[in-house]
1. Per residue, how much accessible area does the chain have with a 1.4 Å probe, in Å²?
2. Tally up the carbon and sulfur contribution to the accessible surface of the chain as a whole percent, 1.4 Å probe, everything protein left in place.
3. Over the chain, with a Gaussian network built from C-alpha contacts below 10 Å, which listed residue (D155, D57, D132) shows the highest mean-square fluctuation?
4. Suppose every K and R has +1 on its Cβ and every D and E has -1 on its Cβ; what is the size of the dipole of the chain about the Cα centre, in Debye to the nearest 20?
5. Let me know the shape class of region 27-70, please: from the alpha-carbon gyration tensor, a ≥ b ≥ c as square roots of the eigenvalues, rounded when a/c is under 1.5, otherwise prolate if a/b is greater than b/c, or oblate.
6. Suppose accessible area is computed on protein heavy atoms with a 1.4 Å probe; arrange R49, R83 from highest to lowest.
7. Which loop trypsin sites (Lys or Arg not before Pro) in region 178-215, with loop taken from DSSP, have no more than 15 other Cβ atoms within 10 angstrom of their Cβ?
8. Could you rank D241, D213 by how accessible they are, 1.4 Å probe, largest area first?
Amino acid sequence: MGRSFENRKASMAKTQGMKTKVYSKYGKEIYVCAKNGGLDPDGNLALRRLIDKAKKDQVPTHVIDKAIDKAAGGAGEDFETMRYEGFGPGNCMIIIDCLTDNTNRTIKDVRQCFTKTNSKIGAQGCASHMFDHVAVFTCQGGDEEEILENLMMEDCDVTDVEAEEDGSIKVVAPHTEFFKVKTAFADTMPDIKLDKEEITWLPQVYTELSGEDVEMFEKFLDMANDSDDVQEIYHNAQIAD
């Protein structure tokens, strides 16, 4: 197996400029989530998940508070969610989630990512049917069997619990089970710190990239990351060893 590309933000926060981009994207998403689902994280579970994720990515509290205050004001931009799918360099599969107040601008940006990297944008569902929409948790420490047993005792629907190459343990569950699994960790395994807790798209199969395809795919990611409308990028690309 080759080395997987990172999906998005981990590699972005290397410079202050990149950090600002990450903060802006989180601010937009928190604003939309709070405006549509309510300002109270206890009542708006999607907002609570998003705030927790932002804090893990070291987004400052004032950025989060400003986005919620903006949503409380009522007025402001109207954003809509857009999802684009297609086939990237080496025929890998790509899903791009966007938040936009200008769909013409967004589709132009996304289409350029595909056309300038010898890739092909496709119809809705052309790639996502080969991904699973799941909740993923990773942690250091603990025992696979003990974690699985505790989650089952809490009536969590768990798809998989496995040890990773770096020694961490990964738990995969249906995306609808996110808060039940997170609560089970907090209640039954308080000593275990979750390194990752997210809802994502996991590929069912991977596509190995080598040679010029790797360069083109990195160009694709750079172009997509430069768009202010792009929130998340999911793919099944791996670098050949």
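1. I get 52 Å² per residue for the chain.
2. In the chain, the share of accessible area belonging to carbon and sulfur is 47 percent.
3. Highest fluctuation among the options: D155.
4. Dipole of the chain, to the nearest 20 debye: 1380 debye.
5. Oblate, since a/c reaches 1.5 and b/c is not below a/b.
6. R83, R49
7. When the trypsin sites (Lys or Arg not before Pro) of region 178-215 are filtered for loop state and at most 15 Cβ neighbours within 10 Å, K193 remain.
8. These residues rank, largest area first, as D241, D213.
The values are calculated or read from the model by the stated rules, or taken from the named source; none is laboratory data. Just so it is clear, the structure is predicted and the values come from calculations on it, not from any experiment. For neighbour counting, all protein chains shown are included, and Cβ atoms are generated from backbone atoms with ideal geometry for every residue, glycine included. The protein model used for the area step is the full one, side chains on, heavy atoms only, and it has no ligands, DNA or RNA in it. Shrake-Rupley method; radii C 1.70, N 1.55, O 1.52, S 1.80 Å.
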